[in-house]
Amino acid sequence: MSDNNRQSYSARRRGSTYVSVLGVAMAVTAIGLGSVAVSRVQTRSTTQANQWAEARMLAFSASEHAMTQINNTDSWRANLNGVTTTRSLGSGSFNWRVIDPGDGDLADNNSDPATLIATGTVGDAVYSLTVKLSTPGQSQGSVGVNTVLWGVNEDDGMLFSIADYTQSSMDVTKYGLLYWNDDGEYERTRGDIEGFTIDGDGVAYMVSGRNIGSYSDPVLMRFNVNTASTTQTNVVEIVGSINWSSGDITGLAIDPTDGKLYALGQKGGSGTADHLLLINKLTAQVTSDVGAMEGLSEKVGEGEGMTFDGNGVLYVTDESEDSILKIDKTTGAITQIVDNDAVPNSKFQALAWDAVNNRLIAAHENTKKLYHVTLQNGNNSSYGSLAPYGLNDVEAMGFIPPGASTTTVKVLQLPNAINRLLN
């Protein structure tokens with residue numbers, strides 16, 4: 001740490017703190033309707049909406065509580081680094097923590113970025129904010145580029161990230177197994193997580209091929225990767241069961257041009273082409289069976305991974321043919337055989353688009369390596385192996401797309417409820 005930084009650090013400026021709200025992860029609890037009367041469903045839906053609104057208010061209250069604590073804490077980078085603060089308020093609670101998203105150590109350098117994770121909870125409703133902190137006079141710069149690759153190991157449900165996937169010795173962080181909230185008890189989601197995609201706010205959508213509690217497979221889940229912790233339990237939100245009974249859901253992808261969630265639905269019949277589906281992100285319901293993925297005398301018979309590039313072009317990998325195909329997202333038709341022998345005798349199980357470097361990245365089932373797929377029918381290059389990190393079956397991975405919207409707000413005062421809490 002430089003002398004100038006030490007002087008600035010010891011000065012402990014307490015003025016107002018500016019925050020850039022990078023994203024919001026909403027949590028909307030899915031309800032199994034069954035044969036419940038309409039009036040009861042409406043009552044329950046109203047209750048959920050109220051809980052969500054309260055959770056949102058608590059999340060913003062958590063951010064304001066955090067700002068006050070930061071501005072009034074000596075050496076806050078050292079004393080608050082990674083510490084989770086929890087408070088009960090009204091019918092719910094909030095918690096917050098400040099982290100260094102780079103090296104995990106806020107105290108080692110005053111110029112390191114600081115990110116605040118603020119979460120409000122009421123009943124089953126959870127609302128999270130990811131906030132970038134800066135002090136007056138400090139340039140906030142751009143939102144930054146995201147080249148961190150996120151994923152889940154299919155075998156056990158291990159959440160991981162890779163800071164630089166291009167290195168033979170990769171910087172891998174393992175966040176532990178994923179859990180879900182079963183009426184106050186945290187239960188493992190276990191494995192069979194085969195689809196994975198991330199929106200611009202860092203909310204990852206993933207699909208499990210197992211029954212989870214009362215939810216029948218395939219089950220859609222979501223989790224804000226910005227809140228991932230190596231010391232805290234990482235709890236996903238169950239969105240609901242996907243109403244696709246024809247086969248497995250083996251891939252997910254969000255179109256960056258409109259935010260729509262697409263899924264790869266296997267038909268389960270020999271010689272039958274897989275289907276492209278549209279999924280409601282809030283209810284897990286199939287809103288459209290776009291069509292069979294076939295054309296050019298080819299078909300996707302064993303689709304495993306899918307991803308959109310930065311322009312909304314959809315790519316799918318087919319294990320049965322060792323091929324990567326371009327798909328028309330409006331019809332499901334194959335429009336181009338991008339690579340019909342991507343890597344000889346290989347099976348690509350997951351695809352992810354690195355929008356910063358314009359690269360299609362694939363996970364290889366046999367060698368456990370990551371590949372850069374050139375989209376030129378060959379000449380693909382491999383990166384390091386995931387096997388030394390215990391990641392032997394990666395079927396779900398993705399990047400946070402850059403360019404998320406940013407809103408700048410200034411914390412001027414605390415609401416009465418928070419003032420009462422502090423006093």
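Assorted remarks:
- Single condition L351 does not satisfy, out of (1) at pLDDT 90 or above; (2) on the phi > 0 side of the Ramachandran plot: (2)
- Among residues of the range 186-212, those that are within 19 Å of L278 (Cβ to Cβ) and not aliphatic (A, V, I, L, M), counted: 7
- Unique residue being modelled with pLDDT of 90 or more and part of a loop (DSSP other than H, G, I, E, B) when the list is N345, N392, N379: N392
- Search result, residues across the range 213-257 that are of a type in the set (D, E, K, R) and within 20 Å of L278 (Cβ to Cβ): D217, R222, D248, D255
- Restricting the range 255-293 to residues that are more than 21 Å from the chain's Cα centre (by Cα) and of a type in the set (A, V, I, L, M, F, W, C) leaves a set whose member that is farthest from F308 (Cα to Cα) is A273.
- Flag for L252 being under 16 Å from T197 (Cβ atoms) and either out of contact with any Lys or Arg (no Cβ under 8 Å at 6 or more places or on another chain) or free of Cβ contacts under 8 Å to residues at least 24 places away in the same chain (or both): yes
- Filtered residues of the range 151-184 (kept if closer than 22 Å to Y127 by Cβ and either free of Cβ contacts under 8 Å to residues at least 24 places away in the same chain or not assigned by TED's automatic domain parsing to the domain that holds E365 (or both)): D183, G184
- Every residue from the range 312-342 that is at pLDDT 85 or above and on the phi > 0 side of the Ramachandran plot: G312, G332
- Residue in the range 138-149 that is at pLDDT 85 or above, hydrophobic (A, V, I, L, M, F, W, C) and within 27 Å of A396 (Cβ to Cβ) present: yes
- Qualifying residue in the range 274-283 (condition: without any contact (Cβ under 8 Å) to a residue 24 or more places away in the chain and either part of a strand (DSSP E or B) or among the β-branched types (V, I, T) (or both)): yes
- When F94 is tested against (1) crowded, with 19+ Cβ neighbours inside 10 Å; (2) under 28 Å from L149 (Cβ atoms), exactly one condition is not met: (2).
- Some residue of the range 230-240 being polar (S, T, N, Q), surrounded by 23 or more Cβ atoms within 10 Å (Cβ to Cβ) and either touching a residue at least 24 places away in the same chain (Cβ under 8 Å) or not in a helix (DSSP H, G or I) (or both): no
- Flag if D258 is surrounded by fewer than 24 Cβ atoms within 10 Å (Cβ to Cβ), within 17 Å of F196 (Cβ to Cβ) and in contact (Cβ under 8 Å) with a residue 12 or more places away in the chain: no
- Candidates are the residues of the range 68-105 that are out of contact with any helix residue (DSSP H, G or I) (no Cβ under 8 Å at 6 or more places or on another chain) and assigned to a strand (DSSP E or B); the one that is farthest from T130 (Cα to Cα) is S88.
- Subset of the range 194-210 (residues that are at pLDDT 95 or above and over 9 Å from the mean Cα position of the chain (by Cα)): V207
- In the range 106-134, the residue that is farthest from the chain's Cα centre (by Cα) out of those that are assigned to a strand (DSSP E or B) and farther than 20 Å from V203 by Cβ is S134.
Every residue, every condition in (1) buried (at least 20 other Cβ atoms within 10 Å of the Cβ); (2) within 13 Å of K329 (Cα to Cα); (3) not assigned by TED's automatic domain parsing to the domain that holds D328, yes or no:
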residue	(1), (2), (3)
S246	no, no, no
I254	yes, yes, no
H275	yes, yes, no
L278	no, yes, no
Q285	no, no, no
D289	no, yes, no
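- Those residues of the range 204-222 which are surrounded by fewer than 24 Cβ atoms within 10 Å (Cβ to Cβ) and among the β-branched types (V, I, T), in sequence order: I212
The values are calculated or read from the model by the stated rules, or taken from the named source; none is laboratory data. None of these values were measured; they are calculated from a predicted model. Cβ coordinates were reconstructed from backbone atoms using ideal geometry, including for glycine residues, and neighbour counts include every protein chain displayed.
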